[in-house]
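Below: one structure, written as structure tokens.
The values are calculated or read from the model by the stated rules, or taken from the named source; none is laboratory data. Since we're looking at a predicted model, the values are computed, not measured. Cβ placement follows ideal geometry from the backbone for every residue including glycine, while neighbour counts extend to all protein chains displayed.
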Amino acid sequence: MTKTTDAIIIGAGVIGTAIAFELAKAGWKTINVDRNSQSGHGSTSGSCAIIRTHYSTFDGTIFAWEAYHYWRDWADYLGLPDGRDLAQYRETGCLVMKTEANGYLQKHIENCRVLDCPLEEWSAEKIIEKLPIYSLESFAPPKTSDNPDFGKPNGGTLSGGVFWPKTGYVTDPALSAQNLADAAKLHGGEFLLGKEVAVILQQDGRVKGVRFADGEEVHAPVVINVAGPASSKINQMAGVLDDMTIKTRPLRQEVVHVPAPEGFDFENNGLIVSDADIACYCRPEHGNNILIGSEDPECDPHYWVEDDVNYDRNFTDQWTTQAMRFGQRVPSLGIPQKTKGVVDLYDASTDWIPIYDKSQLPGFYMACGSSGNQYKNAPIAGKMMAALIEYCENGNDHDETPLQFTLPYLQRDIDVGFYSRNRKINEESSFSVLG
Ligand SMILES: Cc1cc2nc3c(=O)[nH]c(=O)nc-3n(C[C@H](O)[C@H](O)[C@H](O)COP(=O)(O)OP(=O)(O)OC[C@H]3O[C@@H](n4cnc5c(N)ncnc54)[C@H](O)[C@@H]3O)c2cc1C
């Protein structure tokens, strides 16, 4: 017999499971479907899981600052019985270098001051006191490694940075999605894993459910696309791409793991650092390693992929360039012969801001285009999507009159229309993973 439910959530990553948790708490019968055999094993498992609060837009900042509180209070938020293995949030703080490219962070500082999100301005001396392995020579603008000026300082030095203390990272992102899945199950949420959605079913101008590759169907009046880097494929299956000004596309990314220089305990004394001067961000990684990601400088090619399952998972020049760029900042860094790290996909949107929205097909919703920067926002995205679905299913036209959503911790309203699929491209965006 065909299974029926109130809402089908395509994807059991950190955002799909957060939506399930919130809908289930609100009394919805939910089924998450995922082609993987475990929750959190899509792009969530490759995430650097950095929880930061500085964004180039005010809306991005307020959303991330709200989201921080759920990671801080993770066990309380989930409400799971004692004794469960929970993902750990480590509050290291995040230093962002002031550069010409980021307007010396004036906009970010203003956004955070309005929201009472704590920050400290650090001088160059303070940075060196905290990170004695650092050199503050400037190398901007970032260059590709075949450029004859690659690795040559430009004669200037970094003048300082801004430190955001209420930031950190989650040690096991896949486990955090499994925690959310368990929390959803406590409220009746179901999970069908190892099932690939092949067709979005429709009837009488409305979504009707999904059909899997094995022919089985599940029916529901609401279907939510939270398929990560496969989101555009699922939107295409649903036939909802026409009215979207913002598109999504899988983008391949490499993350470097290298040992910290000998004599410095980066795991315990290191920080998250975002450094536009060398176009890298870093964070501590267990085993006294340093994880290094790219800030997508203009000079670097973008590796778009067509197939979000069968793509090249080997390290390339991107790995080496990133490691060498970080070596500009940490001259004592050793770059091992054996490459270690992560190769995964962002679900990049046109303006690198996510889409949390309905679609032109009644009953079909999307939480996608997470652009390498929405892991941190999963808990609040889950709450906002649940509110959006209730709003639309109660007959409101979110395109005409966008939902105004009150953030529970900050008690401030946000306009959910900011995340619309048919918004104008947001020119305030950094057009990079920084959002
Ligand atoms: C390398 C990397 C580093 C990142 N670093 C950070 C960071 O530091 N901070 C931050 O905030 N964000 C970061 N992100 C972004 C963050 O990880 C993602 O935004 C987030 O994990 C997306 O979660 P999701 O649930 O939307 O998608 P996913 O975790 O990708 O889940 C989607 C699921 O859908 C399933 N699926 C797809 N198609 C189908 C189908 N046809 N049928 C059934 N199932 C299907 C997949 O199997 C998958 O499990 C990073 C991302 C990457 C790749």
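Tally up the residues in the stretch 310-333 that are among the hydrophobic types (A, V, I, L, M, F, W, C), part of a loop (DSSP other than H, G, I, E, B) and under 16 Å from Glu254 (Cβ atoms), please.
1
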Right, Gly188: among the small types (Gly, Ala, Ser), surrounded by fewer than 24 Cβ atoms within 10 Å (Cβ to Cβ), more than 15 Å from the ligand (Cβ to nearest atom) and within 30 Å of Thr339 (Cα to Cα) or not? no
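Residue under question is Phe139, and the condition is that it be crowded, with 17+ Cβ neighbours inside 10 Å and either of a type in the set (Lys, Arg) or in the same structural domain as Cys280 (by TED's automatic domain parsing) (or both); does it hold?
The answer is yes for Phe139.
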Quick check on my filter: what residues within the stretch 218-247 are within 12 Å of the ligand (Cβ to nearest atom) and of a type outside the set (S, T, N, Q)? Val218, Val223, Ile224, Val226, Ala227, Gly228, Pro229, Ala230, Lys233, Ile234, Met237, Ala238
Just to be sure before I move on: is Gln328 free of Cβ contacts under 8 Å to residues at least 24 places away in the same chain and at negative phi in the structure I sent? no
In this structure, does Gly215 turn out to be within 16 Å of the ligand (Cβ to nearest atom), touching a residue at least 24 places away in the same chain (Cβ under 8 Å) and over 24 Å from Tyr89 (Cα atoms)? no
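Listed here are the residues, each with its yes/no results for (1) over 26 Å from Glu121 (Cβ atoms); (2) under 24 Å from the mean Cα position of the chain (by Cα); (3) at pLDDT 95 or above; (4) of a type in the set (S, T, N, Q).
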{"position": "Thr248", "(1), (2), (3), (4)": "yes, yes, yes, yes"}
{"position": "His257", "(1), (2), (3), (4)": "yes, yes, yes, no"}
{"position": "Asp265", "(1), (2), (3), (4)": "no, no, yes, no"}
{"position": "Val273", "(1), (2), (3), (4)": "no, yes, yes, no"}
{"position": "Asp277", "(1), (2), (3), (4)": "no, yes, yes, no"}
{"position": "Tyr281", "(1), (2), (3), (4)": "no, yes, yes, no"}
{"position": "Ile290", "(1), (2), (3), (4)": "no, yes, yes, no"}
{"position": "Gly293", "(1), (2), (3), (4)": "no, yes, yes, no"}
What residue, among those in the stretch 337-364 that are of a type in the set (A, V, I, L, M, F, W, C) and in a loop (DSSP other than H, G, I, E, B), is farthest from the ligand (Cβ to nearest atom)? Leu361
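Across the stretch 274-303, what is the total count of residues that are aromatic (Phe, Trp, Tyr) and closer than 23 Å to Glu137 by Cα?
1
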From the list Glu216, Glu129, which one is in the same structural domain as Gly239 (by TED's automatic domain parsing) and among the acidic types (Asp, Glu)? Glu216
Just need a number here: residues in the stretch 218-250 that are touching a residue at least 24 places away in the same chain (Cβ under 8 Å) and outside any helix (DSSP H, G or I). 21
List, please: which pairs have Cβ atoms under 8 Å, are six or more places apart or on different chains, and start with a residue in the stretch 127-138 that is farther than 14 Å from Cys280 by Cβ and end with one that is β-branched (Val, Ile, Thr) and part of a helix (DSSP H, G or I)? Leu136/Ile127; Leu136/Ile128
So which helices (runs of 4 or more DSSP H) are wholly in the stretch 1-119 and hold at least 2 residues that are more than 10 Å from the ligand (Cβ to nearest atom), among the aromatic types (Phe, Trp, Tyr) and surrounded by fewer than 21 Cβ atoms within 10 Å (Cβ to Cβ)? 74-78
How many residues does the stretch 405-416 contain that are within 15 Å of Leu388 (Cβ to Cβ) and crowded, with 17+ Cβ neighbours inside 10 Å? 4
